[in-house]
1. Would region 302-318 turn up any residue that is small (Gly, Ala, Ser) and over 22 Å from the mean Cα position of the chain (by Cα)?
2. Can you name every residue in region 56-112 that is in a strand (DSSP E or B) and modelled with pLDDT of 95 or more?
3. Run down 250, 304, 241 and say which single residue is crowded, with 22+ Cβ neighbours inside 10 Å and either farther than 23 Å from residue 387 by Cβ or touching a residue at least 60 places away in the same chain (Cβ under 8 Å) (or both).
4. Take the residues of region 113-140 that are in a helix (DSSP H, G or I) and either out of contact with any helix residue (DSSP H, G or I) (no Cβ under 9 Å at 6 or more places or on another chain) or of a type in the set (Val, Ile, Thr) (or both): which is farthest from residue 48 (Cα to Cα)?
5. For residue 215, which of the numbered conditions (1) in contact with a Gly (Cβ under 9 Å, 6 or more places away or on another chain); (2) not in a helix (DSSP H, G or I) fails to hold?
6. Given the criteria basic (Lys, Arg), in contact with a strand residue (DSSP E or B) (Cβ under 7 Å, 6 or more places away or on another chain) and in the same structural domain as residue 39 (by TED's automatic domain parsing), does residue 98 qualify?
7. Take the residues in region 50-64 that are among the charged types (D, E, K, R) and either under 19 Å from the mean Cα position of the chain (by Cα) or more than 21 Å from residue 90 (Cα to Cα) (or both); name whichever of them is surrounded by the most Cβ atoms within 10 Å (Cβ to Cβ).
8. Can you tell me which residues in region 269-289 are surrounded by 13 or more Cβ atoms within 10 Å (Cβ to Cβ) and of a type in the set (D, E, K, R)?
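The values are calculated or read from the model by the stated rules, or taken from the named source; none is laboratory data. Values in this document were obtained by computation on a predicted structure and should not be read as measured data. Glycine gets a Cβ as well: all are built from the backbone with ideal geometry, and neighbour counts include every protein chain shown.
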Amino acid sequence: MLISLSDGGDERMSTYVIAGDDRKQYAYERKLHQDHGIRSHQERNLQGIILHNGYRTEEVERDMRRYKFSGSAYFPERSTERHFYDQHNGVLHVVNPRGMIRLERDKDLVEALQEVWGRTLELEIDHYQGNAAKAQDRFMHFAFNLADEMIQNLEGSIYNGSTLFILMGPYHALAEQHLKISKQNTNDYLNYRILHVGGKTVLNLDYIFGDQAEHVLSKLYGTISASYTGVRINVFHYGKIGTVERHLEIGDVGIPTGALDDHRLEQRRISPIWNQLALDTEARSFLEQRTGRTAIEGKTVNTISVLRQTTEILQQAKEAGGSFLDMEWAVMASLDHASNSRYPNLGEVKHFFAGVVSDNPLMGKNLGNIPHPYDYEANLAEAMVKLIEHIEG
């Protein structure tokens, strides 16, 4: 599938919250080689990008060997996707084993490079078996197989009336030397491991996209409901979030109580998020003590790509009642709505969602010009682990 991306022009780019040099920095960190020599070659000679959608990395690597690829294989500074740059013909191959949202973000990055360089790039989307629907099915297949493996590795920890703890968030925020890990699987779809925290068994998932969260959690819930009765699930999620509240600072902690969709802001339709960190005063107080920050309640705005955010959209989000910007919370919370009709034997699902403010675009602080808040994110992640230790199973 070939797609020609046309130059958006300065007029459209002027409304982006990530524009100019910030947009360049953001795209370079997520698509180009870290070696300055190869990056310079890409700046001058990159002509086309092929997104291999729905493939595993090993499959694309095998094809590269078959066609005697002799270019550069690399991971960009801020990406876990394998990239292959053919310097002879100026073509960049990108593997997408993660999901359709990852594909959308890759398309946005290609367009951003085109805008920065002022030239047309040819984009080809190589869907699995030449079919976008089959690629989507394959992502679900990856998720379902992985969820089955997770449940097998949790055998003995799940039984009728038990409680399963799920901790979700980027691995880099957790100090691994302090974790007791019994099993782990590192792969190109989604990393997971089994932790033991304060006598509790915890399923720990690495950074996850919204569609991955839906597929993996729905499979976990469904399988547990089919196999056991009354298993309670506590879902903890941490990560970085944006904000449209001008008074919030980088490092502040936000806890969502509802969600809006960024493409339906005019409807001002808010979906509830029953967040225990807002409902349970003891849990909230514990989190605040551990982070040293007052947890700020607010509605989150569900987005899929920061490169599509404009000043106008974010101002509209604020006027609609939004405070935060994230990409996973609404999806995960939605699985609990009418859950008895989907998972009739599942016990109560409780959510513990918190994010650390990493950017405030309306104040000129965006992901293209603000360093990643690693210390703040690690502080929040540690607080979530301590909260798991603290609460009753």
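1. Step one: list which residues in region 302-318 are small (Gly, Ala, Ser), which gives 305, 317.
Remaining after also requiring over 22 Å from the mean Cα position of the chain (by Cα): none.
Looking through region 302-318, none of the residues is small (Gly, Ala, Ser) and over 22 Å from the mean Cα position of the chain (by Cα).
2. Going through region 56-112, the residues in a strand (DSSP E or B) turn out to be 72-74, 83-86, 91-96.
Within region 56-112, 73, 74, 83, 84, 85, 86, 91, 92, 93, 94, 95, 96 qualify.
3. After applying the criteria, what remains is 241.
4. Going residue by residue through region 113-140, those that are in a helix (DSSP H, G or I) are 113-117, 128-130, 132-140.
With the extra rule that they be either out of contact with any helix residue (DSSP H, G or I) (no Cβ under 9 Å at 6 or more places or on another chain) or of a type in the set (Val, Ile, Thr) (or both), the set shrinks to 114, 116, 130, 133.
Numbers: 114: 10, 116: 15, 130: 19, 133: 24 Å.
If we take residues in region 113-140 being in a helix (DSSP H, G or I) and either out of contact with any helix residue (DSSP H, G or I) (no Cβ under 9 Å at 6 or more places or on another chain) or of a type in the set (Val, Ile, Thr) (or both), then 133 is farthest from residue 48 (Cα to Cα).
5. Every listed condition holds for residue 215 apart from (2).
6. no
7. 56
8. Correct list: 280, 284, 288.
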